[in-house]
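In what follows, a single structure is set out as structure tokens and then discussed.
The values are calculated or read from the model by the stated rules, or taken from the named source; none is laboratory data. For clarity, every value in this text was computed on a predicted model and none was experimentally measured. Reconstructed Cβ throughout: ideal geometry from the backbone, glycine too, with neighbour counts over all protein chains shown.
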Amino acid sequence: MAQQNWAAPLSTWRRAFADEDGELWRRVQGLYGGNAGAWRARLQAALTTFSEAYPAGGDARLVVISRCPGQMNIAGMHIDYGGMPSLHLAVRGHDTVTIAAAREDDVVRLRSLCEDEDGVARSFDPAEFRLADLCPATPIDSRQALLDYAGHICARREQATGSSFDDSWSILPQGGLVYLESWLRRAGHSPCGIDALVVSNVSPSGGMSSSSALVISTAWAYLGLHGTEPGSDMSWADAIDGVGTSEWIRGTRGGTADHGGMVLGKADQLVSVGVFPAQDCGSARLPDDYVAVILDSGVPRVYDEAGKEETVLAYPLGTWLVRDVLLPAREGTPGWENLAPDYRQRIDMIRDITPGNLGIDTSQLCELLAAVPPCTTLAQMQALAAATGVGLQYAAMHERDIGNKFPRITADYPVHLRRRFTFGLAEQDRVAAMLEFLAAGDVATAFELVRISHAGDYDTEVTEQELHALAQRPAGDPRTRLAFVPGGYGRMTDAYDRVVTTLNRFLLSHGADAGAVQRLGAGWGGNVGGLISRRFLQGEPRAALERVVQEDLGLPALDLEHSIATPGEGACILAPPS
């Protein structure tokens, strides 16, 4: 395939942005709508800042421009790292843009500016490093190899500093470049160094995945410098799953659906994003009578890295327990005759533990979940494996999925396995159920599922009685599904919960179809968001919503127009002016 030339001289970009009859201006209008003028001015200023920061070559220097929007997670929280799909929209007008030029050496120089809603810019410390100092001698050839490399880096950092987490902004593009350097080498390219400027108006604490937008934007620019187009010359699995997984080098332990949401976004659409491999699992128009909103909770986000590691680890640990211990104990017993004979081969990740995949029913799935211990440790799971004769299977799972990726989880660290594992399976079912109820016009039940998902963020146990009650519901009842069980993922604080529950009580007081919100981002604080009826955009309903925000919650006056998240196009490299 012929390489696309994505670069053009700075002077050519300047002229193209100034030409209101030109193709580039029409493209900017298509991306930003009513904010096109402001974005053109922002991009023109960024070109000037780039030329001042990197004066070599002047206006003749060839540069690539890429952009990546922030995203909003509508349904399917905390489940992408279990390979499960979730519902997203790319937020129109909230972009991270990278302007980049190639270097003849392997030096990377990065500058970053972030602009808040008032147009006030914050400049981050410049970063400079050599690719040779970061990248392994043997190219990373798979996502698993990237996970293992990230685990090695984090373990080494933990030994040196006492923490596996690096909170510097530059570690994010570094991780992406480590992955892309290997991918480009394997594809026959000679990876180069770059000079790059990043400008963004995606809030760094707003739950729109500003970190992921930075990773994707810089990665797309780097690929563009090598004539490579994501999704065409590079598969989405490599471009989204690979680049997204590179954030593990920072010390985070998340999935890649946020990256998929901001890459695969479509104007006016909610997109179901699959991961491992990354894929578009379908889309649906945002209901005409509703808008997506993102609201500042006023609650600072806190970080519990040990808690996050425990919740992520619960998925592969629970999957191993079901596949290698619980199902073999039931194989061939009365009532389990329909269990798929090749169930072991059918289960690789938590996403595979569904009634349809395994040939079981909801009551049998509830029986399995009731057998998962409420709390356990890795040491106890290893002892159980030995006692049941599946020590080798446990060791293989541990090496692949745990290893040194979770440095805070010692052998005796408590893992609240049943509530975490049940949450993941229930949230996967909630994504499917929400799409089904929306398609059927039952927005009231769809919003109920949003509130149940929020309840799933409490650190609450899933009891055997709760699972038994679900199992006893009559066949054919639309509520006989795991979607209606919250689970307990443990990502909520009292202050954060108060904001969500207050807003949801207000919306419910206006009818079950008025809307629903929940937390955004990794949890424990930051913005909240969801879908609300358009009737709250004007008149007394709007005034009532504003009173709740100011008087009941004590937050600043609600700027509702700027709180609306309009679904927009996904990330791209801008085509150079002809």
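Among the candidates 116, 133, 105, 95, the residue that is acidic (Asp, Glu) and buried (at least 24 other Cβ atoms within 10 Å of the Cβ) is uniquely 95.
For region 419-458, filtered to residues that are out of contact with any Phe, Trp or Tyr (no Cβ under 6 Å at 6 or more places or on another chain) and outside any helix (DSSP H, G or I), the residue that is farthest from residue 366 (Cα to Cα) is 441.
Table: residues versus (1) of a type in the set (D, E, K, R); (2) modelled with pLDDT under 95; (3) in the same structural domain as residue 27 (by TED's automatic domain parsing).
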position: 44; (1), (2), (3): no, no, yes
position: 50; (1), (2), (3): no, no, yes
position: 63; (1), (2), (3): no, no, yes
position: 72; (1), (2), (3): no, yes, no
position: 76; (1), (2), (3): no, yes, no
position: 79; (1), (2), (3): no, yes, no
position: 85; (1), (2), (3): no, yes, no
position: 89; (1), (2), (3): no, yes, no
position: 103; (1), (2), (3): yes, no, yes
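Applying the criterion of at least 1 residues that are farther than 30 Å from residue 481 by Cβ to the helices (runs of 4 or more DSSP H) found wholly in region 356-414 leaves 378-387, 391-397. Among the residues of region 341-350, the ones that are surrounded by 16 or more Cβ atoms within 10 Å (Cβ to Cβ) and under 16 Å from residue 317 (Cα atoms) come to 3 in all. Annotation note: of 202, 178, the sole residue that is β-branched (Val, Ile, Thr), crowded, with 24+ Cβ neighbours inside 10 Å and touching a Cys at 6+ places or on another chain (Cβ under 9 Å) is 202.
Residues that are among the small types (Gly, Ala, Ser) and in contact with a strand residue (DSSP E or B) (Cβ under 6 Å, 6 or more places away or on another chain) number at least 1 in the following helices (runs of 4 or more DSSP H) confined to region 1-97: 36-53. Out of the residues in region 254-305 meeting the condition of being among the aromatic types (Phe, Trp, Tyr) and not in a strand (DSSP E or B), tell me which one is nearest to residue 146 (Cα to Cα). Out of the qualifying residues, it is 276. When each of 285, 344, 351 is tested for being modelled with pLDDT of 95 or more and more than 18 Å from the chain's Cα centre (by Cα), the lone residue that passes is 344. Filtering region 277-309 to residues that are touching a helix residue (DSSP H, G or I) at 6+ places or on another chain (Cβ under 6 Å), closer than 30 Å to residue 348 by Cα and surrounded by fewer than 21 Cβ atoms within 10 Å (Cβ to Cβ) leaves only 277. Checking each residue in region 48-73 for being surrounded by fewer than 20 Cβ atoms within 10 Å (Cβ to Cβ), under 17 Å from residue 112 (Cβ atoms) and of a type outside the set (Gly, Ala, Ser) picks out 48, 49, 52.
Name the residues in region 140-193 that are closer than 16 Å to residue 259 by Cβ and charged (D, E, K, R), would you? If the condition is that a residue be closer than 16 Å to residue 259 by Cβ and charged (D, E, K, R), then 143 is the only one that fits. Residue 270 fulfils the conditions (1) at pLDDT below 90; (2) farther than 13 Å from residue 74 by Cβ; (3) surrounded by 22 or more Cβ atoms within 10 Å (Cβ to Cβ); (4) of a type in the set (A, V, I, L, M, F, W, C) except for a single criterion, (2). For first residues located in region 380-398 and touching a residue at least 40 places away in the same chain (Cβ under 8 Å) and among the small types (Gly, Ala, Ser), partners that are crowded, with 17+ Cβ neighbours inside 10 Å and not in a loop (DSSP other than H, G, I, E, B) and lie 6+ apart or on another chain with Cβ distances below 6 Å form the pairs 385/394. Each residue in region 525-578 was checked for being part of a helix (DSSP H, G or I) and of a type in the set (Val, Ile, Thr), and 2 pass. How many residues does region 464-478 hold that are within 23 Å of residue 372 (Cα to Cα) and in a loop (DSSP other than H, G, I, E, B)? Residues in region 464-478 being within 23 Å of residue 372 (Cα to Cα) and in a loop (DSSP other than H, G, I, E, B): 2 in total.
Taking region 202-225 on its own, how many of its residues are without any contact (Cβ under 8 Å) to a residue 60 or more places away in the chain and assigned to a loop (DSSP other than H, G, I, E, B)? Of the residues in that region, 0 qualify. Checking residue 315 against (1) among the hydroxyl-bearing types (Ser, Thr, Tyr); (2) modelled with pLDDT under 95; (3) buried (at least 23 other Cβ atoms within 10 Å of the Cβ): exactly one of these is not met. Which one? All conditions are met except number (2). Residue 309 meets all of the listed conditions (1) charged (D, E, K, R); (2) within 16 Å of residue 417 (Cβ to Cβ); (3) modelled with pLDDT of 95 or more but one, namely (3). Condition first: out of contact with any Phe, Trp or Tyr (no Cβ under 8 Å at 6 or more places or on another chain), assigned to a helix (DSSP H, G or I) and of a type in the set (Ser, Thr, Tyr). Can you find one or more residues in region 508-519 that meet it? Checking region 508-519: not a single residue is out of contact with any Phe, Trp or Tyr (no Cβ under 8 Å at 6 or more places or on another chain), assigned to a helix (DSSP H, G or I) and of a type in the set (Ser, Thr, Tyr). Of all residues in region 455-492, which are loosely packed, with under 14 Cβ neighbours inside 10 Å and not charged (D, E, K, R)? Within region 455-492, 463, 465, 468, 469, 472, 474, 475, 476 qualify. Free of Cβ contacts under 8 Å to residues at least 40 places away in the same chain and over 22 Å from the mean Cα position of the chain (by Cα): does that describe residue 543? Criteria met by residue 543. If you go through region 351-401 and keep only what is within 25 Å of residue 463 (Cα to Cα), of a type in the set (D, E, K, R) and surrounded by 19 or more Cβ atoms within 10 Å (Cβ to Cβ), you end up with 351, 367. Just to be sure, is residue 435 among the hydrophobic types (A, V, I, L, M, F, W, C) and assigned by TED's automatic domain parsing to the domain that holds residue 364? Spelling it out, residue 435 is indeed among the hydrophobic types (A, V, I, L, M, F, W, C) and assigned by TED's automatic domain parsing to the domain that holds residue 364.
Selection of first residues in region 124-144 that are more than 21 Å from residue 188 (Cβ to Cβ) and of second residues that are basic (Lys, Arg), restricted to Cβ pairs under 6 Å at least 6 apart or on distinct chains, gives the following pairs, ordered by first then second residue: 126/111; 128/109.
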